Amino acid sequence: MFGLKLRRPVLALLFALTGSFFFTGSVVEVAAQDGASPADQPIGRSVSESEIATWDIDIEPDGTGLPTGSGTVASGREIYDAKCVNCHGPTASENPGDTGINPNLADRYCCATTLFDYINRAMPYYAPQSLTPDEIYSLVAFLLNLNDIVSEDFIADAKTVPAVTMPQAAHYGVNPWTSGVIEQPGDPWSHDNP
Amino acid sequence: MAKNSETEDSELDFFRASDGKSFRISRRMLLGGGGAVVGWAASRAALGQVYNHDNLMPQPTPDTYINNNTDTPWTQAGAAPTEVGRRSPFVDLKRTIEVSGSRIYATGSSTDWSNIIGTVTPSDLCFERHHAGIPLIDPSKYRLLVHGMVERPMEFTLEDLMRLGAEKHFFYWECQGNGEPPRGGKVNENSTILDSLGRSSACEWVGVPLRTIMELVNVKPESTWALVESYDGAGLARSIDIDKLWDNAYLMYGQNGEPVRPENGYPVRLLLPGYEGNTSNKWIRRIQFSNRMFQMREETSRYADHLSDGRTFQYSVQCGVRSHIITPSGGMNLAETPPPRELRGMAYSGYGKIAGVEISTDGGTTWQMARLHGPVLPKMATMFTFPWTWNGETVKLTSRAWDNQGFKQPTHEWLAKYAPQGASYNGIETWQVHSSGRVTNVWS
């Protein structure tokens, strides 16, 4: 009886010891070859600024990220008719609230840089990131003019686009309730009409 | 019994004769000849001979399952196993493909919760929304770039992310467009649970907390926002507040025990539990830390609240408390099927754990507690049931939930006042069972 009781712990101990011996042996072997334990392989890799630049495509409201180049309203109209009109329609207002750009641009944008950023990253739908900076600047000029935000002679470039004041910009704000930073106001179970 | 080949052949012929060339054993043969088969097999076993059933009956294949007679399955050999499992041919589970706006191509699919048994959505039934379709990403080429306001900009492979300390969570997530808001002061009478809950799903997720990555790159203390960007053709990008990224953000690579499905972000997606789904970037490729919002199209033009009074509210990302009675729900007809003996539904809070669900069967005059089926987990769907039988009369069925963070599922009136748009509409939903058995959606 005494022997039976002990058998399991002894076996477990034996297993643990041999297991650890084998394991230690293999680690030492690898360490002797490579100078480090396999577990010490670094996670992740430091990247240089030039590597980051190839991935970093966003354009910020102050113009950070905008490339050199420029475009006119007239050249933008040509590009629009060639590459955009199929989805967005001849006046860019054919599908309001969906692919409609006019008057969304006046009502629903706080920054003209957003327009450059979005066309650059996502348009045209069938070939995103295929447009040149000059083509994008041209489209920005054309669409801003179409929405009566800039004049016919506007030339879009890295300086003029961030300087455009979008009509809706002053009306942007944050609803503290829906952004989750305050407690629920009022009585959520009330049926009183607002 | 002799054991030469001639005898074996004659015995095989006995079976061949039953069903001609196909070797198929009919039910009649089995019933009539069952005793002979058993006696023959027993004698063969006693002699120690190998029994090769390939000579006696067709090899079962996966298709046997489809072809078999279903009235008496106990009289037939069943189907062979398959490497990838299948649902019963009697179970028809599908997502609902959706084409949004004027587009001619599908941009998503929805989960029909009336088909979900329990709270975990099977991976192939999870809802999806895309802005430029589903990208095909070779995991060996996948890279995540983390840079901006950090001490050490870094790039991570999929293997890197999987070697970091993992966490496992059950989370529900929902599209900003989930829910069926009233329009013009009226609810959609014909709406179904697909309308009010279809742009949401719930899964078990495995991944690495973003905090781990943020510590590796050493995010600078002055950083208040980060841009998260996707691998897809839309390069979908959103600005996220730094507190959410430190406290409650994950890079998920496992979903319901398998790699994340392509439509849900393979190989790695961001998951921000409780925030509208658009912020939980699928196929994440880049995180740039900053001290300001980036004003991307999806946070200025779309996914912002453009109110009728001319104001635009940004960053309405926080999802609230919701509950839905799923059985019965809109579009069903209780006169056409045996009516349910209990109400079943789901509840969820984007803030924390569901603390309670109440049911009213009298239009909101009296309320009784529903039974919650645990475990009740934070930011995860919770199943509830409530004993109820239909008496054949017109009756209203309403559920309302609250959570352990002090938030309540609000009325339509409250939402109209305090959150005229906001993320994921979660107004208290009432189904009316008409005396005809038809179930419709009513205001309250």
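Values in this text are rule-based calculations from the coordinates and carry no lab data. Computed from a predicted structure; not experimentally measured. Because the Cβ atoms are built from the backbone with ideal geometry, glycine has one as well, and the counts that use them run over all protein chains shown.
Past 29 Å, Cα to Cα: identify those pairs from A:LYS83/A:LYS159; B:LYS353/B:LYS396; B:LYS141/B:LYS379; B:LYS282/B:LYS379; B:LYS220/B:LYS408; A:LYS83/B:LYS141, in the order given. B:LYS141/B:LYS379; B:LYS220/B:LYS408; A:LYS83/B:LYS141, as the Cα separations exceed 29 Å there.
Quick note on the range A:111-194: its Rg to Rh ratio, both from C-alpha atoms and Rh being the Kirkwood radius, is 1.22.
Model label sites at B:SER435 and A:ASP153, defined 7 Å from Cα along the beta-carbon direction, differ in position by 7.7 nm. Gain on full extension, evaluated as 0.36 nm per residue between B:LYS396 and B:ARG211 minus their Cα-Cα distance, stands at 62.0 nm.
Normalised by 2.2 N^0.38 Å, where N is the number of residues, the alpha-carbon radius of gyration of the range A:51-134 equals 1.13. Springs join every pair of Cα atoms under 10 Å in this Gaussian network model of chain B, and among B:ASP112, B:ASP232, B:ASP160 the largest mean-square fluctuation is at B:ASP160.
Taken along the Cα-to-beta-carbon direction at a fixed 7 Å, the label points for B:ARG292 and B:SER308 span 3.5 nm.
Using only atoms on other chains, find how many Cβ atoms lie within 10 Å of each Cβ of peptide B:285-293 and report the average. Present the calculation step by step, with values, prior to reporting the outcome.
On the way: counts 1, 5, 0, 5, 0, 3, 0, 3, 4.
Mean partner-chain Cβ count within 10 Å for B:285-293: 2.
When its C-alpha radius of gyration is set against 2.2 N^0.38 Å (N residues), the range B:193-326 gives a value of 1.10. With the simple spin-label model, which puts each label point 7 Å out from Cα in the Cβ direction, the B:GLU83 to A:HIS191 separation comes to 5.9 nm.
With viscosity set to 1.002 mPa s at 20 °C, what whole-number translational diffusion coefficient in µm²/s follows for the range B:122-168 from Stokes-Einstein and a Kirkwood radius over Cα pairs? All intermediate terms of the calculation are to be shown ahead of the outcome.
Details: Rh = 13.8 Å.
The diffusion coefficient I find is 156 µm²/s.
Between the Cα long axis of helix B:5-19 and the first principal axis of chain B there is an angle of about 60°, rounded to the nearest 10.
Of all the Cα-Cα pairs you can form in the range B:119-242, what percent are over 17 Å apart? All intermediate terms of the calculation are to be shown ahead of the outcome.
Values: 5450 of 7626 pairs.
It works out to 71 percent of all Cα pairs.
Placing a label point 7 Å from the Cα of B:TYR105 along the Cα-to-Cβ direction, the residues of the range B:116-133 whose backbone N falls under 11 Å from that point are B:131-133.
Normalising the Debye intensity of chain B to I(0), with uniform scatterers on Cα atoms only, and taking log10 at q = 0.12, 0.13 Å⁻¹ returns -1.00, -1.11. In angstrom, the C-alpha Rg and Dmax of the range A:110-157 are 10.6, 30.
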